[in-house]
Amino acid sequence: MDRFSYKVWVPITVVIAITLSMHHRSYDAVTGAVEQLMNQDIFAPTRMDDSALPSSHEPNKIDKPLNVVVMYGDDWRHDAIGVAGTLPVETPFIDWLSRNKGMRFTHNCVTSSICWISRATLHSGKYFSRHKAEEPASEDWYKDFHQAFPALLKNAGYYVAHIGKWHTWNSGIIQKYYHHWQEYYGRHWYPGNPHPIHATTRNQEDAVAFLKDRPKKFADKPFFLLTAFFAPHSWDGNPEQFLPQNETFHVYKNLTLKEPYDMASSFKRLPPLFTERNEARNRWRHRFDEPTKYDKMLKNYFRLITGVDTACKAVWDELDRQGILNETIFIFTTDNGFYHGEHGLAGKWYPHEESIRVPLVIWDPRMPDSLRGTTDDSFTLNVDLAPTILGAANITPPKVMQGRDISDLYLRPHSPPWRKEFFYEHPVHLHKEIIPASTALVRKELKYIDWPGWDTEQLFNLTNDPLEQTDEINNPIYANILKEMRARHSVLREWVK
């Protein structure tokens, strides 16, 4: 059961729906109603009476710091897990974890949808505007790594490990904050003895080996493990793009995948700044521009996901074998979303739902039994992961962190209200015609997008148009909403700095 009952956007949504369907209503009457609603304190949540909470809502009492295990996928959006119920992808372990043991956060998002910025946000607990990891070669954010959660965990006595993808260069600068470091990414297959080894198999074996082989001197200490998978990210430069493990080729064999909708017409609905030079359009041509290619590419992409799911289960099983699950918080999430051809695009970067929403499932031994196997639709963000990890370690997050401990949503029913909107940002990469900058104010019912440098704005009613196909920026019905969202966007743009 949800803890909060919000009277936030339902009235506005009703006004919009009525307006679009009942054309005889006067414009003045509709806009007057919207203005009246916007003058109300619509951002204030209404707390449900405590009697509506489950009787077993008190958290399990665990005084000592928890072990922390993070399983971190790559280029993997929120609905690309079986339990989401919208795509024919097979993730039996993540589904089982979601339905039986943990909590799945259905509106988890990233604040910048690109590999290295998202990873800098994960570790620092900061928005891009504050950590400034603009390029893979950016080292400025390393200077404050002593305030990143791995450094704080190590200082508190944790045995700290990173395995897999890192993606910001010159990582030797910060490896002193780790006890165990294995960095590799960029390809799906590596030379092996006697046979080549898949990146996901290597991730799995290295993670399980870490759990088995922790030094005896740390036997009584908590540990942190980040397993950063390269999959299902494409092998850039390889014409096949997605090269799964051999043992997954039987999966999806009898399935034919088709484009989600008319991608050609959808691309034409994008602002004129999207040309054939755009990198997301370029990658669409490589992967999805004809039906046979689309089917092959996406099935292999799904096979990579299924392989990561198997690896996550192997790590979970090792924790179970060692009898330490009840001393460990286990987090599955990913670095950014991924277009499956929607909008005539591939890749990520932009503020569409396919790009910014990512899966998040948390097993926490402190979680009330009554909440296991449930979902929460709060806006959780990747900027929240650092304070969540520190909270599990009984460490107070530094004030420079901009997120919030997600466990407030399931451990502390009387904590302050959760956010109902967030600011999205992405800088220009390479050239503004290749990957243009974008910012957005994101709410569940409405989204305002600004394309800096192009004098272009967009507004979407996500309730009526969840696929973001109809831009309402010039629709006079939304004039007051647009005015309010522009102003709020400007406020948040300054706050994240």
Part-to-part distance (alpha-carbon centres) for the range 192-264 and the range 86-129, which is given in Å: 16
Rg over Rh [alpha-carbon atoms, Kirkwood Rh] for the range 170-320: 1.07
Alpha-carbon Rg/Rh ratio, for the range 230-287, with Rh computed the Kirkwood way: 1.05
Trypsin sites (Lys or Arg not before Pro) lying in DSSP loop within the range 311-399, provided at most 12 other Cβ fall within 10 Å: LYS399
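Quick one: if you take sqrt(5λ) for each eigenvalue of the C-alpha gyration tensor of the chain, what semi-axes come out, biggest first, whole angstrom? Don't skip to the end; give the middle numbers.
Numbers: eigenvalues 253, 164, 95 Å².
Values for the chain, descending: 36, 29, 22 Å.
What are the equivalent ellipsoid semi-axes of the range 272-371, built from the alpha-carbon gyration tensor (square roots of five times its eigenvalues), in whole angstrom, biggest first? If you can, show how the numbers build up before the last one.
Details: eigenvalues 266, 56, 17 Å².
So the three semi-axes of the range 272-371 are 36, 17, 9 Å.
For the range 389-497, compute Rh as the Kirkwood radius over C-alpha pairs and then the Stokes-Einstein diffusion coefficient at 37 °C and 0.692 mPa s; write the answer in µm²/s, rounded to an integer.
Details: Rh = 16.3 Å.
Stokes-Einstein gives a translational diffusion coefficient of 202 µm²/s.
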Positive-end residue, the chain charge dipole about Cα centroid, Cβ charges, pick of MET71, SER234, ALA487: MET71
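How much length, in nm to one decimal, is gained on full extension between ASP220 and ARG99, taken as 0.36 nm per residue of separation minus their Cα-Cα distance?
On the way: separation 121, 0.36 × 121 = 43.56 nm, distance 3.17 nm.
So the extension gain works out to 40.4 nm.
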Kirkwood Rh (inverse of mean 1/r, distinct Cα pairs), the range 303-347, angstrom: 13.0
Where labels lie 7 Å past Cα in the beta-carbon direction, separation of TRP495 and ILE173 in nm: 3.0
Full-extension gain in nm, ASP140 to LYS258, via 0.36 nm per residue minus C-alpha separation: 38.1 nm
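Per residue, what accessible area does the chain have, given a 1.4 Å probe and all protein chains present, in Å²?
Working: 19900 Å² over 497 residues.
It amounts to 40 Å² per residue over the chain.
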Histogram of C-alpha separations across the range 400-456, 10 Å bin width, %: 19, 33, 29, 15, 5
Diffusion constant of the range 105-263 at 4 °C, which comes from Stokes-Einstein with the Kirkwood Cα-pair radius and 1.567 mPa s, µm²/s: 72
Spin-label model distance (nm) - ARG285 vs ARG366, 7 Å beyond Cα toward Cβ: 5.2
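Over the range 304-448, what lengths in whole Å, largest first, do the semi-axes of the equivalent ellipsoid take, defined as the square roots of 5 times the eigenvalues of the alpha-carbon gyration tensor?
30, 21, 15
Taking the Cα centre of the range 261-341 as origin, sum charge times position over the Cβ atoms of Lys and Arg (+1) and Asp and Glu (-1), and report the length of that vector in debye to the nearest 20.
Details: 13 positive and 12 negative charges, 118 e Å.
Rounded to the nearest 20 debye, it is 560 debye.
Apply 1/(1 + (r/R0)^6) to the Cβ-Cβ distance of HIS431 and LYS296, taking R0 = 30 Å, and write down the FRET efficiency to the nearest 0.05.
Details: r = 30 Å, r/R0 = 1.01.
Between HIS431 and LYS296 the formula returns 0.50.
The values are calculated or read from the model by the stated rules, or taken from the named source; none is laboratory data. None of the values given here were measured: they were computed from a predicted structure. Glycine gets a Cβ as well: all are built from the backbone with ideal geometry, and neighbour counts include every protein chain shown. We work out accessible area using only protein heavy atoms, side chains counted, and drop any ligands, DNA or RNA first. Shrake-Rupley method; radii C 1.70, N 1.55, O 1.52, S 1.80 Å.
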